[in-house]
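Taking it in order: structure first as C-alpha cells, then the write-up.
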Amino acid sequence: MIVDAHQHLWTADYAWLAAPELAPIRRDYTVDDLRLRLSAAGVDRTVLVEAGRCSADETYEFLATALDTPEIAGVVGWASLTDPALRDTIEGYQAAPGGHLLVGIRDQVQGQADDYLMAPAVHAGLRTIADLGLVNELVVTESQLPSVVFAASAIPSTFVLDHLGKPRSFEPWRVSAAQLAALPNVVAKLSGLVTEVDDIRPYVLEAVDLFGPERLMFGSDWPVCELVTSYVDVKDRLVSALGAEPSDIFAGTAIDTYGLELTR
C-alpha cells in the first residue's frame, strides 16, 4: 500500500494560475488525469488538498469527488482561520455528501505575514479545527516556521507541515525544523521539494533524522510538481534519497495521522 498524502485537482481558471511562470500547469486536472499518474507510479490512495481557490465551494466539490473516487481516501478542505463562522463552515462540510472524508483544514497561511500564526484570533481558529476532530494543515514558508513552532507549542492539536515548510536555505531551515521535530504533535510532509530546492536529498535525510519515519509522509504535490518533473519521478527521487520505500513514510503515517478509510 502506498498513499500519496498531498495532491490537488483544479481547473484552468483558478486565479493564482494566471502568473506567467505557471503556464505549463494552467489547465484542467481531473480524476482521470490523477488515475493515470497513480497507475504509473504504483500509488494506491491519495489525500486531496485544497488548491488555492479559497472558497467553501471548492471543498464541497472535493468532498463529492472523493465520495465517488475510491482512490481519494481523504480531503483537506479550505477555511479561513479567522472566520467568525469557522465552526459553522466546517460543520457544514462534515454534514455534506462525502463529509466523513474530511480529514483536515488548511488556510493559505503562506500568503500572510511571518507572525500570522501568533495572533490570538488565529489560535482560536486552530483550536476550533482541533475541537472538531480534524488536523491543522499548514502551508507556510521557511520564514514563517518560528511562528509554527509558537502555535504548535501552544495548541493541543495535530499539525501537518506541508512541503517541509518550503525550505530555501539549508541551515536556517534545519534550525526551525529541529524545533518543530521536538514537538510530538507535528507531522511533516516530504512533498513539494522539487519546486523549492535543487537537491532534495539533504533535506529528506535531515527530516528523517529529526522527525523519524513515523512522523513523515510522502506527498507528490501533483500537479504543481509538473513545473519541474513528472509524478513518477517525484516518487522515484524520494525513494532514491531514502534508499527504500519505508512503510511509515509511504503509507502508515498518513493512514494514522488522517485516520484514512482504505476499504472503499
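The values are calculated or read from the model by the stated rules, or taken from the named source; none is laboratory data. Owing to the predicted nature of the structure, the values given are computational and were not obtained by experimental measurement. Ideal geometry is used to build each Cβ from the backbone, glycine not excepted, and the neighbour counts take in all protein chains shown.
Rundown of residues vs (1) on the phi > 0 side of the Ramachandran plot; (2) in a helix (DSSP H, G or I), yes/no style:
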| residue | (1), (2) |
| --- | --- |
| 106 | no, no |
| 113 | no, no |
| 133 | yes, no |
| 147 | no, yes |
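Residues in segment 1-28 that are among the charged types (D, E, K, R) and either in contact with a Ser or Thr (Cβ under 8 Å, 6 or more places away or on another chain) or modelled with pLDDT under 95 (or both): 4, 28.
If you filter segment 94-118 down to residues that are hydrophobic (A, V, I, L, M, F, W, C) and closer than 28 Å to residue 171 by Cβ, you find that the one that is nearest to the chain's Cα centre (by Cα) is 109. Only one of the listed residues (140, 148, 175, 160) is among the hydrophobic types (A, V, I, L, M, F, W, C) and over 17 Å from the mean Cα position of the chain (by Cα). That residue is 175. Within segment 161-168, is even one residue of a type outside the set (Phe, Trp, Tyr), farther than 15 Å from residue 203 by Cα and touching a Lys or Arg at 6+ places or on another chain (Cβ under 8 Å)? Looking for residues that are of a type outside the set (Phe, Trp, Tyr), farther than 15 Å from residue 203 by Cα and touching a Lys or Arg at 6+ places or on another chain (Cβ under 8 Å), one finds none in segment 161-168, hence no.
For segment 167-188, taking the residues that are among the small types (Gly, Ala, Ser) and not in a helix (DSSP H, G or I), the one that is surrounded by the most Cβ atoms within 10 Å (Cβ to Cβ) is identified as 188.
Restricting segment 108-127 to residues that are surrounded by 19 or more Cβ atoms within 10 Å (Cβ to Cβ) and touching a residue at least 40 places away in the same chain (Cβ under 8 Å) leaves a set whose member that is farthest from residue 257 (Cα to Cα) is 122. Listed by first and then second residue, the pairs with beta-carbon distance under 8 Å, at least 6 apart or on different chains, first residue in segment 42-70 and within 13 Å of residue 96 (Cβ to Cβ), second at pLDDT below 95, form an empty list. Can you tell me which residue is nearest to the chain's Cα centre (by Cα) among those in segment 193-237 that are small (Gly, Ala, Ser) and crowded, with 24+ Cβ neighbours inside 10 Å? This residue is 219. If only residues of segment 71-104 that are free of Cβ contacts under 8 Å to residues at least 60 places away in the same chain and in a strand (DSSP E or B) are counted, the one that is nearest to residue 34 (Cα to Cα) is 72. Answer with yes or no whether residue 137 is assigned to a strand (DSSP E or B), surrounded by 18 or more Cβ atoms within 10 Å (Cβ to Cβ) and among the charged types (D, E, K, R). For residue 137, the condition - assigned to a strand (DSSP E or B), surrounded by 18 or more Cβ atoms within 10 Å (Cβ to Cβ) and among the charged types (D, E, K, R) - is met. Within segment 2-40, the set of residues being aliphatic (A, V, I, L, M), within 26 Å of residue 249 (Cβ to Cβ) and under 19 Å from the mean Cα position of the chain (by Cα) comprises 2, 3, 5, 9, 25, 31, 34, 38.
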